[in-house]
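Below is one structure, written out as structure tokens; the observations come after it.
Values in this text are rule-based calculations from the coordinates and carry no lab data. A quick note: this is a predicted structure, and the numbers were derived from the prediction, not measured. Ideal geometry is used to build each Cβ from the backbone, glycine not excepted, and the neighbour counts take in all protein chains shown.
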Amino acid sequence: MSKVVNDEALNLVFREARTHMHWLDKPVDDALLRQVYDLAKMGPTSANMCPLRIVFVKSKEGKEKLKPFLDAGNVDKTMKAPVTAIIGMDIRFYELMPKLYPHADAKAWFKDLPENVLEYVALRNSSLQGAYFILAARSLGLDCGPMSGFNNAKVDEAFFGGTTVKSNFLCNLGHGDASKLHPRSPRLTFEEACKLV
């Protein structure tokens, strides 16, 4: 028998959740970040490849390291957010396939593919996992401010240097200042966005 999430939970995660740019001066515990990841990791990916890798930037030193690589419009909100998650993707995700997909030789499906194809596959699946991450954070009482607008290559060098991980997007985390939200932007209706065939 399937279960349905109640309206209160749907409001928290979808209907009333907003993208935040202004933050209250309230820290986020490491234990809560672990809980967010432990929820997010449960979402599906292709062949359970799980390419998501995250660096949680919390310290003043970490924020200063990140700051020069941000577009001007993203500096203030990122520096003031209690945490900035660098949502990354391991483009050699297939190395862990024997652990993650043990009932088939899934590593063989990917290991000889060109790097641009591997990056595309990792991008798609880490983006899925990044969305799960946002929903998990909201479910556990955090507000999110996902964004692009940064120099990926410089972030990769500074935070993922010497690894096979590349950055996908950034997500500020904390407790948003709801008094500074602007009205919600419109969304497309079902009729505008969907088709039944």
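Structure above, values below:
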{"quantity": "Charge dipole (the stretch 95-155, unit charges on Cβ, about Cα centre) - positive-most of His103, Val155, Leu140", "calculated": "Leu140"}
{"quantity": "Tensor-based shape of the chain (alpha-carbon gyration tensor, a/c under 1.5 rounded, otherwise prolate or oblate)", "calculated": "oblate"}
{"quantity": "Lys, Arg +1 and Asp, Glu -1 on Cβ, resulting dipole of the chain about Cα centre, debye, nearest 20", "calculated": "120 debye"}
{"quantity": "Amide H partners (placed H, <5 Å) of Asp143, local residues excluded", "calculated": "Gly174, His175, Gly176"}
{"quantity": "Under the Karplus curve 6.51 cos²θ - 1.76 cosθ + 1.60, θ = phi - 60°, whole-Hz ³J(HN,Hα) for the stretch 165-179, x wherever Gly or Pro sits", "calculated": "9, 10, 6, 10, 8, 10, 9, 6, 9, x, 10, x, 8, 5, 5"}
{"quantity": "Sorted by Cβ neighbour density within 10 Å, fewest at the top, the residues Ser126, Ser179", "calculated": "Ser179, Ser126"}
{"quantity": "Whether the stretch 65-176 is rounded, prolate or oblate, judged on the alpha carbon gyration tensor where a/c under 1.5 counts as rounded", "calculated": "oblate"}
{"quantity": "Derived scalar couplings ³J(HN,Hα) [the stretch 21-35; Karplus, 6.51 cos²θ - 1.76 cosθ + 1.60; whole Hz; x for Gly, Pro]", "calculated": "10, 10, 10, 6, 7, 9, x, 10, 5, 4, 4, 5, 4, 4, 5"}
{"quantity": "Leu52, Leu24, Leu142 arranged by Cβ crowding within 10 Å, fewest neighbours leading", "calculated": "Leu24, Leu142, Leu52"}
{"quantity": "Qualifying aspartates and glutamates (Cα of each under 19 Å from Cα of Lys107; at least 8 residues distant if same chain)", "calculated": "Asp90, Glu95, Glu115, Glu119"}
{"quantity": "³J(HN,Hα), Karplus 6.51/-1.76/1.60, whole Hz, each residue of the stretch 117-124, x for Gly, Pro", "calculated": "6, 4, 5, 4, 5, 5, 4, 4"}
{"quantity": "The stretch 1-94: C-alpha gyration tensor shape, a/c 1.5 cut-off, then a/b vs b/c", "calculated": "oblate"}
{"quantity": "Ranked by how many other beta carbons lie within 10 Å on average, peptides 190-196, 34-40 from highest", "calculated": "34-40, 190-196"}
{"quantity": "Residues with amide H under 5 Å from that of Gly88, placed H, sequence gap 5 or more", "calculated": "Arg53, Ile54, Val55, Asn168"}
{"quantity": "Contour minus Cα-Cα distance for Lys111 and Leu96 (0.36 nm per residue)", "calculated": "4.3 nm"}
{"quantity": "Within straight-line cross-link reach of Lys77, lysines at Cα separation under 23 Å, skipping those fewer than 8 residues along the same chain", "calculated": "Lys26, Lys58, Lys60, Lys63, Lys65, Lys67, Lys154, Lys166, Lys180"}
{"quantity": "Candidate lysines - alpha carbon under 25 Å from Lys3, same-chain residues fewer than 8 apart omitted", "calculated": "Lys41"}
